[in-house]
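Below is one structure, written out as structure tokens, with a few remarks after it.
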Amino acid sequence: MARPKKVKAGKISMGDIRSMINKRAGMNVAHNLQEANPTEVKEWIPTGSRWLDSVVCRGQLAGIPVGKTVEIAGLESSGKSYMAAQIAANAQKMGIDVAYFDSESAIDPVFLERAGCDLEKLLYVQAQSVEFVLETIEELLGTGNKFLFIWDSLALTPAVSDLEGDFNPLSSMAVKARILAKGMSKLTIPIADTQSTFLVLNQLKTNITRSPSEAMVEPFMTPGGKAMIYAYSLRIWLTGRKAKASFILDDKGFRVGSEVKATLKKSRFGTQGRQCTFKILWGDEIGIQDEESWFEAVKGSRHMTSSGAWYTLDMGDGDSVKFQPSKWKEKIQDETFRARILKIMDEEVILKFDKREGTASNFYDIEGEE
């Protein structure tokens with residue numbers, strides 16, 4: 001058998017080398033990083049919170065990165081499913097197909113509709129097992145469609161061995177983690193190549209450890225093993241805000257929502273550790289109280305001063321506007337006032353962090369602002 005001719009060094013261009021590798025792989029795996037490539041995030045799905053979108057990626061307004069795997073983990077009743085519904089609705093508006101894997105059998109179609117989802121164009125799948133979810137995602141990726149896959153939730157989805165075995169946890173220890181390690185090694189590149197997005201909802205559980213100091217530094221952990229943590233490009237953890245009441249009450253004292261703090265536990269976009277807060281409504285109204293959180297984001301700006309119960313906003317043209325926080329929802333409907341607030345928000349939340357201006361704790365420690 002004749003040996004293949006050796007190519008002399010310097011006689012083949014980098015473009016030809018990429019073509020050779022792609023031909024051998026049978027698909028485009030070698031790319032010029034200065035051109036279009038699967039590593040670049042070209043689109044972001046809004047989360048429903050502009051403040052959260054502003055802290056995700058350094059230097060720009062972002063959201064959930066298309067083409068990546070993302071985790072939203074939280075304590076019980078912290079708003080994971082509500083955020084997922086909002087993200088699903090926003091993805092549909094962008095023309096992205098949504099596949100919702102539900103292991104908790106808790107998704108109400110009326111709730112999804114009120115969150116803005118088009119049920120006719122939403123694929124709802126009962127998450128029978130971890131293997132079933134991963135295999136179904138692999139099959140859907142083969143269709144060539146651009147998907148947002150939502151898995152609600154990883155923590156409550158059993159493995160096949162769990163379903164077929166007994167109730168002894170030791171009999172299937174670490175099975176789910178091993179399955180996910182193998183599954184994500186198969187799915188990560190196809191997700192990027194099809195510009196699909198994998199949004200995993202997970203539970204924050206108490207970190208039971210022999211080291212008290214470790215428990216103080218890291219009081220929570222998430223199920224699923226290390227492989228998922230490595231696969232995530234972005235991890236958003238939702239917890240309660242200590243400085244304020246956990247619940248939002250209506251004028252009669254009934255609970256209609258809750259306030260959460262979002263912390264970027266991991267970010268490949270230069271923003272790990274950043275925090276923000278927002279309120280999630282789950283009573284008569286469904287969704288994130290986005291505009292209300294803008295006041296918290298900008299109230300420390302040099303463009304806004306306070307005196308007693310009144311705040312004064314510098315409009316940037318020599319004029320100023322006085323208002324009380326209780327009238328914020330009314331004021332934000334004014335187009336000029338709204339545009340000024342959004343400009344200040346971009347300056348305070350996005351640009352100052354990008355340029356390393358101000359005090360670092362303002363970006364990483366929301367509780368310290370109180």
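Derivation of every value follows stated rules applied to the coordinates shown; laboratory data play no part. As the structure is a computational prediction, the values presented were derived from the model and not from experiment. Virtual Cβ from ideal backbone geometry, glycine too; neighbours counted across all protein chains shown.
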Percentage of interatomic Cα-Cα distances in segment 1-122 larger than 19 Å
63 percent
At 1.306 mPa s and 10 °C, Stokes D of segment 253-370 from Kirkwood alpha-carbon radius, µm² per second
101 µm²/s
How large is the helix-only mean residue ellipticity at 222 nm for the chain, computed as the sum of -39500 (n - 2.57) over DSSP H runs with n ≥ 4, divided by its residue count, in deg cm²/dmol to the nearest 500?
-8500 deg cm²/dmol
Take the alpha carbon atoms of segment 62-144, find their radius of gyration, then divide it by 2.2 N^0.38 Å using N residues; give the quotient.
1.10
Considering only the chain, percent of DSSP beta bridges that pair antiparallel, nearest 5
55 percent
Work out Dmax and Rg for segment 30-289 from the C-alpha atoms and quote the Rg first, both in angstrom.
18.3, 61
Residue by residue through segment 85-102, the couplings from Karplus 6.51 cos²θ - 1.76 cosθ + 1.60 with θ = phi - 60°, in Hz, x for Gly and Pro, are 5, 5, 5, 4, 5, 5, 5, 4, 5, 8, x, 9, 6, 10, 10, 10, 9, 10
With Rg and the Kirkwood Rh both taken from Cα atoms, where does Rg over Rh land for segment 155-281?
1.03
Roughly how many debye, to the nearest 20, is the charge dipole of the chain about its Cα centre, given +1 on each Lys and Arg Cβ, -1 on each Asp and Glu Cβ, and no other charges?
2020 debye
In degrees rounded to 10, the 0-90 angle between helix 335-345 Cα long axis and the longest Cα principal axis of the chain is 60 degrees
The pairs in Lys261/Lys322; Lys80/Lys121; Lys80/Lys176 lying past 24 Å Cα-Cα in this model are Lys261/Lys322
Phi-derived 3J(HN,Hα) across segment 306-320 with the Karplus relation (6.51, -1.76, 1.60, θ = phi - 60°), rounded Hz, x for Gly and Pro, is 10, 8, x, 8, 10, 10, 10, 9, 6, 7, x, 10, x, 8, 9
Dividing the mean separation of Cα pairs under 8 Å (6+ apart) by the residue count of segment 30-289 yields a relative contact order in percent of 25 percent
Those lysines that a straight Cα-Cα span of less than 21 Å connects to Lys355, excepting residues fewer than 8 apart in one chain:
Lys266, Lys299, Lys343
Taking amide H positions as placed in the peptide plane 1.01 Å from N, state which residues far from Phe220 in sequence (5 or more) or on other chains have amide H under 5 Å from it.
Asn207
Nearest-5 percent of antiparallel DSSP beta bridges in segment 27-165?
20 percent
Take the alpha-carbon centre of segment 114-185, take the same for segment 25-98, and report the distance between them in whole Å.
19 Å
